[in-house]
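Okay, structure first, notes after.
All of the numbers you see were taken from the coordinates with simple rules; none came from a lab. On a predicted model such as this, the values are computed, not experimentally measured, just so you know. Backbone-built Cβ (ideal geometry, glycine too); neighbour counts: all protein chains shown.
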Amino acid sequence: MAFPDGFLFGSATASYQIEGAVDEDGRRPSIWDTFSRTPGKVVNGDTGDVADDHYHRLDEDLDLMASLGLEAYRFSIAWPRVIPEGRGAVNQAGLDFYSRLVDGLLARGIRPVATLYHWDLPQVLEDEGGWTVRSTAEAFADYARVVGQALGDRVHTWTTLNEPWCAAYLGYAAGVHAPGITDRLASLKAVHHLNLAHGLALKALREVVKPDAEFSVTLNLHVFRPVGDTGLDAQRRVAALGNAAFLGPMLEGVYPTDMLEVTRSITDWSFVEEGDLETINQPIDVLGVNYYSSSNVRLWDGAGERSRADGHNAGTATPWPGAEDVEFLPTEGPHTDMGWNIDPAGLEDLLTALSERYPGLPLMVTENGAAFPDEVRDGRVHDADRIDYVRRHLQAVQNVIARGVDVRGYFVWSLMDNFEWAFGYTKRFGIVRVDYDTLERTRKDSADWFAEVIRTRELPETP
Ligand code: FCB
């Protein structure tokens with residue numbers, strides 16, 4: 001079966017993970033600069049100081065994308081490059097970099113899919129409360145307008161936020177991501193102000209960008225598989241915090257009652273002001289879905305140790321405020337290098353459920369991919385495991401398309417190996433290898449394979 005006409009094949013990256021050049025041309029620190037420089041926060045003390053040095057290798061990387069035949073490229077814009085003090089003065093040099101990127105994409109026939117926030121909040125704004133305060137959402141809208149004015153004549157798809165779940169709960173509850181705070185109430189305020197930022201930014205963007213631009217947001221929606229008698233109850237609680245906390249306000253204009261119930265001992269949500277939900281509930285053209293793995297859940301029965309076998313649940317504090325009783329059970333293998341299980345059926349379930357709940361809303365897989373401990377042999381990486389992972393998830397996408405689900409594209413995470421947040425450079429997700437000593441880029445077998453999928457618009461037979 002061929003992928004439908006118009007289905008977009010792309011790859012994704014994020015500014016802090018690839019750019020480097022953290023103090024060049026007027027960029028000021030983000031929360032990830034601060035966090036990665038804090039001892040003990042990132043494996044090996046790795047930072048994004050150099051990363052893939054993409055900032056200085058833009059043309060080479062653009063040529064690489066073109067050589068793969070990418071039809072779209074999903075990148076993020078670093079707020080602290082564009083408005084280094086978080087609000088106020090605009091740094092033209094920062095905007096110019098992204099303008100060159102967008103022009104370079106268009107010159108190669110690649111659609112620019114721009115994300116405004118992939119976690120690199122200007123540190124100065126964190127110093128004023130970060131996402132726990134409303135003023136950050138307002139500053140984000142101003143930043144969105146500035147970027148929209150500069151690039152709005154050329155960017156095809158605008159994404160406000162990448163995975164606000166991670167920004168809020170991993171950043172402010174579990175503390176395993178920047179800014180490294182472990183405060184349940186703070187994380188729920190962050191949820192709301194990220195949602196608000198999304199709504200305010202969409203309003204601002206719509207006023208300044210070209211009329212045929214598309215608007216979206218990317219969520220890491222979770223697939224929870226209920227286990228045993230208490231599985232459904234457990235699933236209801238974490239699905240409220242993990243999925244409905246964003247889908248509810250953004251697409252339905254409400255915070256779900258389940259969520260208010262689960263978090264009742266933490267907050268009455270009085271920081272949600274009159275009119276906020278209407279602001280958040282803006283129409284979007286496409287919903288971005290990031291999917292890697294699934295979780296098995298049930299309620300902890302109080303006996304023995306509570307299992308937290310969830311790849312995103314590794315800190316000492318939980319990223320599930322109010323759902324501390326939910327137990328994450330080990331998943332069936334095989335697992336990737338992240339410890340995440342490989343469950344392509346989860347992607348089918350997720351896309352199907354979304355299409356049923358939100359008929360008429362096109363979906364796009366904005367991230368999917370896998371880290372494996374690649375081995376270099378004769379200068380090559382024969383990553384059959386990554387090919388298999390991507391193939392099975394693309395097959396899942398084909399399966400749901402065949403059943404009538406409107407999926408518009410697939411972006412592999414990631415174009416190249418990069419700074420994998422708290423795991424530093426120890427986890428390799430790229431279809432292109434980066435040698436961190438020489439910064440040389442080498443296509444892995446998966447890159448050749450993906451290029452062939454794009455060229456033929458079909459999944460090749462497996463050998
Ligand atoms: C997602 C992030 C992305 C990358 C992948 C592996 O949660 O959006 O930046 O780190 O996971």
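Here the scattering of the chain is modelled by Debye summation over its C-alpha atoms, one equal scatterer each and no solvent; at q = 0.13, 0.14 Å⁻¹ the log10 of I(q)/I(0) is -1.25, -1.50. Considering only alpha-carbon pairs that sit under 8 angstrom and 6 or more positions apart, the relative contact order computed for the range 41-172 is 28 percent. In order along the range 181-195, the phi-based Karplus estimate (6.51 cos²θ - 1.76 cosθ + 1.60, θ = phi - 60°) of 3J(HN,Hα) comes to 9, 10, 8, 4, 5, 4, 5, 6, 5, 4, 3, 5, 6, 5, 4 Hz; Gly and Pro are listed as x.
Would you work out the relative contact order for the chain, in percent, from Cα pairs under 8 angstrom that are 6 or more residues apart?
17 percent
Look at 182, 47, 159 and count the other Cβ atoms within 10 Å of each Cβ; fewest to most, that gives 182, 47, 159. Using alpha-carbon positions, what is the distance between the centroids of the range 268-309 and the range 3-61, in Å? Centre-to-centre (Cα) distance: 26 Å.
If you count the DSSP beta bridges with both ends in the range 8-456, what percent of them are antiparallel, to the nearest 5? Around 25 percent antiparallel, to the nearest 5. Charging the Cβ of each Asp and Glu at -1 and of each Lys and Arg at +1, and nothing else, the dipole of the chain about its Cα centre rounds to 420 debye. Sorted fewest first by neighbouring Cβ atoms within 10 angstrom, 393, 56 come out as 56, 393. Ranking of 255, 291, 358 by neighbouring Cβ atoms within 10 Å, starting from the fewest: 358, 255, 291.
Please give me the summed charge of the neighbours of residue 7: other residues whose Cβ is under 12 Å from its Cβ, Lys and Arg +1, Asp and Glu -1.
Working: positive: 408, 457; negative: 5, 71, 406, 458.
Net local charge, residue 7 excluded: -2.
Lysines near residue 189 by alpha-carbon distance under 26 Å, same-chain residues fewer than 8 away left out - which ones? Residue 189 reaches 41, 203.
Under the convention that each Lys and Arg Cβ holds +1 and each Asp and Glu Cβ holds -1, the size of the dipole of the range 323-427 around its Cα centre is about 540 debye.
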